[in-house]
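What follows is a single structure, written as structure tokens, with notes after it.
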Amino acid sequence: MRVKVEMNSKGEVKAHRIEIPIQGGGGELGQHAVTGLVSLISGLKEMKTERELEQLLSMVYGWGACCKHCGFLTEKSTDDVMHMAEELAEIESKRIEKEAGEAGKA
């Protein structure tokens, strides 16, 4: 897994880029399953509440477990993807908290 953090001129985090080599099998069906998992993970940034974030993360865990069980992802790839999803969920949780705090001040 490779992580790259881009900073702005003020030294604040501008963006994260995470690359994970995914290994597994299952042919076209496996590719569709892993694409669905990636789609769920990318949806984490669209959540508006902690509850929505928790629900989507639970779906990611379940989908990942299915991909692993069916052989679409190796155990290591699954672990790496789940770790990345947890990191992204933590980042989004902080964003949600910040937005809620700003909305409370308005």
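Restricting to the stretch 46-65, name every residue that is assigned to a loop (DSSP other than H, G, I, E, B) and crowded, with 19+ Cβ neighbours inside 10 Å. Give the derivation first.
The first filter runs over the stretch 46-65 and keeps only residues assigned to a loop (DSSP other than H, G, I, E, B), leaving 47-49.
Selection gives Met47 alone.
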Could you list, in sequence order, all residues of the stretch 46-61 that are within 17 Å of Ile96 (Cα to Cα) and aliphatic (A, V, I, L, M)?
Met47, Leu53, Leu56, Leu57
Selected residue (criterion: nearest to His32 (Cα to Cα)) from residues of the stretch 85-106 that are hydrophobic (A, V, I, L, M, F, W, C) and open to solvent by less than 30 Å² (accessible area, probe 1.4 Å):
Ala85
Taking the stretch 88-106 and the residues there that are of a type outside the set (A, V, I, L, M, F, W, C) and modelled with pLDDT under 90, the one that is farthest from Gly24 (Cα to Cα) would be Lys105
Is there any pair linking a residue in the stretch 49-74 that is without any contact (Cβ under 8 Å) to a residue 12 or more places away in the chain to one that is open to solvent by 50 Å² or more (accessible area, probe 1.4 Å), with Cβ under 7 Å and at least six apart or on different chains, and which?
Lys68/Glu75
Which of the following residues is more than 30 Å from Glu102 (Cβ to Cβ) and either open to solvent by less than 90 Å² (accessible area, probe 1.4 Å) or among the hydroxyl-bearing types (Ser, Thr, Tyr) (or both): Gly11, Gly26, Gly43?
Gly26
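Taking the condition of a type outside the set (Phe, Trp, Tyr) and open to solvent by 100 Å² or more (accessible area, probe 1.4 Å), does Lys68 pass?
Working: of a type outside the set (Phe, Trp, Tyr): yes; open to solvent by 100 Å² or more (accessible area, probe 1.4 Å): no.
Criteria not met by Lys68.
The values are calculated or read from the model by the stated rules, or taken from the named source; none is laboratory data. These numbers come from a predicted model, not from an experiment. Don't worry about glycine lacking a Cβ; one is built from the backbone with ideal geometry, like all the others, and counts go over all protein chains shown. All accessible areas refer to the heavy atoms of the entire protein, side chains included, with ligands and DNA or RNA removed. Shrake-Rupley method; radii C 1.70, N 1.55, O 1.52, S 1.80 Å.
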